[in-house]
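Before any comments, here is the structure.
The values are calculated or read from the model by the stated rules, or taken from the named source; none is laboratory data. On a predicted model such as this, the values are computed, not experimentally measured, just so you know. Counting neighbours? That spans all protein chains shown, and the Cβs are built from the backbone with ideal geometry, glycine included.
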Ligand code: UN1
């Protein structure tokens, strides 16, 4: 990083309350994907300290679960305020640490603000149902109670928002949180966490009531600390975001101890473009969703399933846009495509590209490394489109990079079958102004993904909906709608206010 940039970065860290000196160690090296320069060297928490940390959270749970939910909501309201106040700084840290363009760094923090506001409203709406009883003088109701300790393990690509999605909901639901950010982006996570710490301090000062120590804790560490969280029966819910490979390890471990889990794993998201599509809109959606965040969102568009009739017309609009995409330093205004997170990611893209070409794919644009002179240790690449003859194994595999496969179809059923014929099931969309096509895509025999959109791309979901997907994406949901229920324990209560003791199902006993 240039001196000015590094000064800016340091200043942002300071304003976010991060003292690198205090965190210094030799275990975790944080690099900026912008130029490969070292941002920090941090000490990892030894796994041996995890029991103590979990014990603190367990004690905090005993108090926090008794604080009325609307009061818990006040805490996330304050967190939202702190996030708003430091939005530009956290956004800048995200840009430096994971290479997001300025707008996307800011957008990510806005998601964190939005979920705090959602959680504040939710804190007065943790509703259970009441049910009529088959017995006279009886009533049935359900209640949602705090669940216990929630561990949040996040990936590098949404280092701020995904922690907030989980923590804001967990906290209003009455649960302490333990946050393990990605080793590739610990500082963005820490900046988001520091805002929560300030909110906790304000909460205490305002209400004269101590939010218990251990209510929110962060662990900067390696996979051994994540394993400690996954394996501990003290952790009631493990919410983990990452690859399907990671989920395949975490899922069975949590299940073996009958813990709860939320897994947000790989996506292989498609867009179906039909002859009834508005092609100009489709092009804009394709560019944002395939190229935004340099193809490193779990919701990134990876497969374009286009009707044969409109294929050429779409390409005529799409290719010139792709070829003129401003690639470069994500901190510079005007840049739309920043770097990949690291060399391994670049190599993975090159390997997938080579495999796709071997499978008979035709490279229509992109795929080359860029800006090597300026940034010898930064991995910039031109977003690629490959026209595939079929959905081969490599197309069915998630490559976390701006690599878009194009497939052609004749009948809508075939397009839907292609959409569904991948192991992952996160997001999907159709571009069509034909009601029948749209409803077929959204219906029971349509897209099998957790998210199915119409005339917008598969990425950039709002926090108000439930976020997540089926199959190898994990099957769980987080963020909005009723995802909060996973962070609570439900009890069904049958209350007898009569003077009799009738049994259900008409049973006479004695
Ligand atoms: C992720 O990539 O892990 O829908 C989350 C989106 C963002 C969240 C992505 N709101 O693209």
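Per-structure values
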quantity	calculated
Matching residues, the stretch 467-478, being more than 12 Å from the ligand (Cβ to nearest atom) and within 25 Å of residue 109 (Cβ to Cβ)	476, 477
Flag for residue 90 being touching a strand residue (DSSP E or B) at 6+ places or on another chain (Cβ under 7 Å), within 30 Å of residue 211 (Cα to Cα) and crowded, with 22+ Cβ neighbours inside 10 Å	no
Given (1) crowded, with 19+ Cβ neighbours inside 10 Å; (2) in contact (Cβ under 8 Å) with a residue 40 or more places away in the chain; (3) within 16 Å of the ligand (Cβ to nearest atom), index of the condition residue 450 fails	(2)
Check on residue 231, without any contact (Cβ under 8 Å) to a residue 40 or more places away in the chain and touching a helix residue (DSSP H, G or I) at 6+ places or on another chain (Cβ under 7 Å)	yes
Unmet requirement for residue 283, which otherwise passes all of (1) touching a residue at least 40 places away in the same chain (Cβ under 8 Å); (2) crowded, with 19+ Cβ neighbours inside 10 Å	(1)
Residue 175 vs. criteria touching a residue at least 24 places away in the same chain (Cβ under 8 Å), assigned to a loop (DSSP other than H, G, I, E, B) and surrounded by 24 or more Cβ atoms within 10 Å (Cβ to Cβ)	yes
Residue 151 vs. criteria under 19 Å from the mean Cα position of the chain (by Cα), within 16 Å of the ligand (Cβ to nearest atom) and under 15 Å from residue 241 (Cα atoms)	no
Options 452, 445, 393, 415: the member that is more than 24 Å from residue 100 (Cα to Cα), assigned to a helix (DSSP H, G or I) and at pLDDT 95 or above	415
Unmet criterion (only one of (1) more than 24 Å from the chain's Cα centre (by Cα); (2) in a helix (DSSP H, G or I)) for residue 107	(1)
Residues located in the stretch 293-318, provided they are away from the ligand (no atom under 16 Å from the Cβ), buried (at least 23 other Cβ atoms within 10 Å of the Cβ) and assigned to a helix (DSSP H, G or I)	318
Test: residue in the stretch 95-112 that is surrounded by fewer than 24 Cβ atoms within 10 Å (Cβ to Cβ), over 18 Å from residue 165 (Cα atoms) and modelled with pLDDT of 95 or more	yes
Helices (runs of 4 or more DSSP H) contained entirely in the stretch 180-292, each with at least 1 residues that are assigned by TED's automatic domain parsing to the domain that holds residue 437 and away from the ligand (no atom under 16 Å from the Cβ)	279-291
Failed item in (1) within 16 Å of the ligand (Cβ to nearest atom); (2) over 27 Å from the mean Cα position of the chain (by Cα), with residue 389 passing the rest	(1)
Criterion: under 20 Å from residue 97 (Cβ atoms) and within 23 Å of the chain's Cα centre (by Cα) - qualifying residue of 376, 330, 383	330
